[in-house]
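First the structure, in the form of structure tokens, and then the observations on it.
The values are calculated or read from the model by the stated rules, or taken from the named source; none is laboratory data. The structure displayed is predicted, hence computed values, not measured ones. Cβ sites come from the backbone with ideal geometry, for glycine too, and all protein chains shown count toward neighbours. The accessibility values were calculated without ligands, DNA or RNA, using every heavy atom of the protein model including side chains. Shrake-Rupley method; radii C 1.70, N 1.55, O 1.52, S 1.80 Å.
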Amino acid sequence: MFYWVMKRIFLGPVLRLLFRPWVKGLDNVPAEGAAIIASNHLSFSDSIFMPLMVPRPVIFLAKSEYFTGTGLKGRLTALFFRLTNQLPMDRSGGAASAVSLNAGMDVLTGGGLLGIYPEGTRSPDARLYRGKVGVARLALQAGVPVIPVAMIGTDKVQPIGKRLPNIRRIGMIFGEPLDFSQYREQAEDRVVQRKVTDEIMFELMRLSGQEYVDEYAAVVKLRLAGKQDKPATDRAADTSGGGATPELQDDDGTPAAG
């Protein structure tokens with residue numbers, strides 16, 4: 001009820017008036033049935049503007065830190081995320097991340113729309129970064145289409161580190177649903193997962209017009225922060241046979257604050 005009231009009566013009308021969002025391809029979102037909405041990630045506000053324009057509720061996997069904050073601010077943040085249809089996503093890897101992905105699977109098996117950011121975190125420089133394979137795992141296991149959506153201009157509205165947004169127009173482009181049903185029996189194949197993820201990222205690049213960087217955004221952020229001199233062994237993660245790989249340690253669908 002809170003989600004509907006905020007979207008239809010309070011927050012939604014105000015945001016539409018101030019930011020005048022334009023949308024293309026909204027009819028590509030199915031009127032019913034399960035699907036994954038995979039988006040590029042430029043700003044914290046992506047998680048606000050995109051669900052605002054989709055008629056159906058969109059449930060996001062949000063990083064678990066948003067739900068565990070302390071003090072008044074932490075409790076209010078956790079309450080907001082719970083009331084706006086967002087689920088905690090543990091990005092520590094291994095079993096914890098697998099459990100979080102199961103929450104996303106529950107959304108899909110229930111016929112809902114699951115929002116995911118395949119990059120795993122916001123872009124540090126408005127470029128499009130390598131996708132993590134969690135989105136492919138969910139799409140293949142659930143047998144659902146993936147609708148790519150390109151957010152346009154949200155990085156100008158709320159750049160990283162800026163709390164109060166700039167008032168300017170933003171947009172979004174919903175692409176045609178991507179069908180990966182031919183790979184359904186290979187859902188656990190890492191090579192297939194990478195292939196599917198790369199196809200999704202190609203569509204996001206095509207729709208958004210962003211420059212593509214074949215590197216994980218999280219690794220770039222560490223390097224920019226001076227915490228890592230060289231890129232991590234990203235490619236090894238694609239071919240490793242077991243254990244918690246870097247791809248799953250910071251898995252998909254997190255509107256990260258970092």
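Taking only C-alpha pairs under 8 Å that are 6+ residues apart, what is the relative contact order of region 3-155 in percent?
36
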Residue-normalised accessible area of region 1-160, expressed per residue, 1.4 Å probe, Å²: 40
Whole-percent carbon and sulfur share, accessible surface of region 20-86, 1.4 Å: 61
Loop chymotrypsin sites (Phe, Trp or Tyr not before Pro), region 1-77 (other Cβ atoms within 10 Å of the site Cβ: 13 or fewer; DSSP): Phe10
Protein accessible area in region 131-188, 1.4 Å probe - carbon and sulfur %: 47
